[in-house]
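Quick note: the coordinates plus some simple rules give every number you see, no bench work behind them. What you are looking at is a predicted structure, and each value in this text was computed from that prediction instead of being measured. So basically every Cβ, Gly included, is an ideal-geometry build from the backbone, and we count neighbours across all protein chains shown.
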Amino acid sequence: MTENQILNVTERAVRQNEGRGSMYVPEHFRESDTGKLLQTIREYGFGLLIISDADGIEANHVPFYLQPGAVAESPRLQCHLARANPAWRRIAEGAPVLAVFQGPDAYVSPSWYASKAETGRVVPTWNYLAVHVEGRARVIEEAAWLSRHVRDLTDRHEAGRAAPWSVDDAPQEYTDKLLRGIVGVEIEITRLTGKLKASQNQPDANRRGVKSGLTDEATDNAQAMAELLR
């Protein structure tokens, strides 16, 4: 499935499920570019898998793999949980799930605003990028699926390293034993909600001041957020 096919299918799914979504997003902070949202998931793939049902709310921190779907299907989010973790049984029984991904974030100092010198009517805030994914989840226990999943996840994060590690580098009996200790979770994406709070509600002079201030900061998050200011 090509990237354009993925985007077209996902955008259709998002349009069919338009509504309030899982977080508050003022229109000027809404990120509706499906390609950018999927890329955020790829780049910041360690997220929260949140479950909510009659037994309460639970959040698990897990690495996700974005698996392209077949033609005419939405892409799928894949992750795995320890078999000893009761959360997967709740998913198997139909508990709704929400996956949350956090991109770069940064504190915004009022001293960066040009309007500080003009009116003094400024306060600190926080800029950030977040993506929420809703969809239909299923639990998978098949050994072949789990083996492919951990290979995909490993290869994704080993790519580009000088000496990439492969699942095949470990003894098969060892990895087979570990695979028996996990279960897979696959989410068919039906709604993507993106929020990019990047000073869009500020006048041009203030935005330029924020971009300059973030660029001068020494942290990776501040540098990444500066790149997102338009």
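FRET efficiency for Asp168 and Asp55, Cβ-Cβ distance as r, R0 = 41 Å, nearest 0.05?
0.55
Once every DSSP H run of n ≥ 4 in the chain is given -39500 (n - 2.57) and the sum is divided by its residues, what mean residue ellipticity at 222 nm do you get, rounded to the nearest 500 deg cm²/dmol? Each step should come with its number before you reach the end.
Values: 8 runs with 80 residues, N = 230.
After summing the helix terms and dividing by the residues of the chain, the value is -10000 deg cm²/dmol.
At a 10 Å Cβ-Cβ cut-off, how would you order Ile182, Ile57, fewest neighbours first? Write down the numbers at each step before the final one.
Details: Ile182 19, Ile57 10.
Least crowded to most crowded, the residues run Ile57, Ile182.
Going Cα to Cα from Lys195, which lysines come in below 17 Å? Please leave out same-chain ones fewer than 8 positions away.
List returned: Lys36.
Contour minus end-to-end for Arg148 and Phe46, with contour as 0.36 nm per residue of separation and end-to-end as the Cα-Cα distance? Working shown, then result.
On the way: separation 102, 0.36 × 102 = 36.72 nm, distance 1.87 nm.
Additional length available on full extension: 34.9 nm.
So which aspartates and glutamates can Lys197 reach, going by Cα to Cα under 13 Å and dropping same-chain residues fewer than 8 places off?
Lys197 reaches Glu27, Glu31, Asp105, Glu227.
What ranking do Leu178, Leu98 get, fewest neighbouring Cβ atoms within 10 angstrom at the top?
Exposure proxy ranking, most exposed first: Leu178, Leu98.
Quick check on region 181-230: take the gyration tensor over C-alpha atoms, sort the square-rooted eigenvalues as a ≥ b ≥ c, and tell me if it's rounded (a/c under 1.5), prolate or oblate. The partial results should precede the final answer.
Values: a/c = 6.25, a/b = 2.04, b/c = 3.06.
The shape class here is oblate.
For region 222-230, take each phi angle, set θ = phi - 60°, evaluate the Karplus expression 6.51 cos²θ - 1.76 cosθ + 1.60, and give the result in whole Hz per residue in order, putting x for glycine and proline.
After applying 6.51 cos²θ - 1.76 cosθ + 1.60, I find 5, 5, 5, 5, 4, 5, 8, 5, 9 Hz.
Just to confirm a number: summing +1 for Lys and Arg and -1 for Asp and Glu over residues other than Ala222 whose beta-carbon lies under 12 angstrom from that of Ala222, what do you get?
-4
According to the square roots a ≥ b ≥ c of the eigenvalues of the Cα gyration tensor, what is the shape class of region 18-136, taking rounded for a/c under 1.5, prolate for a/b larger than b/c otherwise, and oblate for the remainder?
Cα axes put region 18-136 in the prolate bin.
How would you classify region 125-176 from its alpha-carbon gyration tensor, with a ≥ b ≥ c the square roots of the eigenvalues: rounded for a/c under 1.5, else prolate if a/b is greater than b/c, otherwise oblate?
oblate
If r is the Cβ-Cβ distance from Thr215 to Asp105 and R0 is 22 Å, what FRET efficiency results, to the nearest 0.05?
0.90
Restricting to Cα pairs below 8 Å that are 6+ residues apart, what does the relative contact order work out to for the chain? Please round to a whole percent.
Reported relative contact order: 26 percent.
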